[in-house]
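The structure's right below; bear with me while I get my questions together.
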Amino acid sequence: MRRLWVVSYDVSDDLRRTHLVQYLEGWGYRVLESVFECVWRADQIPMVRQNLQALIDPAVDRLWLTPVCQSCLRAAAVNGQHRSVGQVHYHVV
């Protein structure tokens, strides 16, 4: 099963941030400057977490991975333009 995840980050170094963004662009859409929506299967999460961990410096950077359930996605309110991978390409469960 695939699930929508919201990934947000605060990465101080430009090079680390660029590598992180390039990695996330391969999985989803940037919805805000430091926020991506990505869709992963449960079996992909350990690999994704390991890859993301390797791209940041945990002493100074911050990275949040938040799963989004179907009812939370339906309840979400967005103002302005928004294209969600959860709404466009995948059925989120």
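Please sort 72-81, 46-55, 16-25 by packing, taking for each peptide the average over its residues of neighbouring beta carbons within 10 angstrom, highest first.
Order by mean packing, descending: 16-25, 46-55, 72-81.
How far is helix 45-55 tilted off the main Cα axis of the chain, in degrees rounded to 10, range 0 to 90?
Helix 45-55 sits roughly 40 degrees off the main axis of the chain.
Tilt of helix 14-25 relative to the longest C-alpha principal axis of the chain, in degrees (0 to 90, nearest 10)?
30
For the chain, give me the percentage of DSSP beta bridges that are antiparallel, rounded to the nearest 5 percent. Intermediate values should be presented prior to the final figure.
On the way: 18 of 18 bridges.
Antiparallel bridges make up about 100 percent of those DSSP assigns within the chain.
What does the charge add up to near Thr66, with Lys and Arg as +1, Asp and Glu as -1, over the other residues with Cβ less than 14 Å from its Cβ?
Residues close to Thr66 contribute a combined charge of +2.
I've got another one for you. Nearest 0.05, what FRET efficiency do Val21 and Ser71 give at R0 = 22 Å with Cβ-Cβ as r?
Approximately 0.15, to the nearest 0.05.
Also: Where the eigenvalues come from the Cα gyration tensor of the chain, what are the semi-axes √(5λ) of the equivalent ellipsoid, largest first, in whole Å? Walk me through the intermediate numbers first.
Working: eigenvalues 104, 48, 23 Å².
Listed largest to smallest, the semi-axes of the chain are 23, 15, 11 Å.
How much length is gained on full extension from Ala59 to Ile45, taking 0.36 nm per residue of separation minus their Cα-Cα distance? The partial results should precede the final answer.
On the way: separation 14, 0.36 × 14 = 5.04 nm, distance 2.22 nm.
Gain on stretching Ala59 to Ile45: 2.8 nm.
Roughly what would the spin-label model give for Arg2 and Val35, points 7 Å off Cα along C-beta, in nm?
2.1
Values quoted throughout were computed directly from the atomic coordinates according to the rules given, and no laboratory measurement underlies them. All figures in this text were calculated on a predicted structure; none of them were measured in a lab. Using ideal geometry, Cβ is built from the backbone for each residue, glycine included, and neighbour counts are taken over all protein chains shown.
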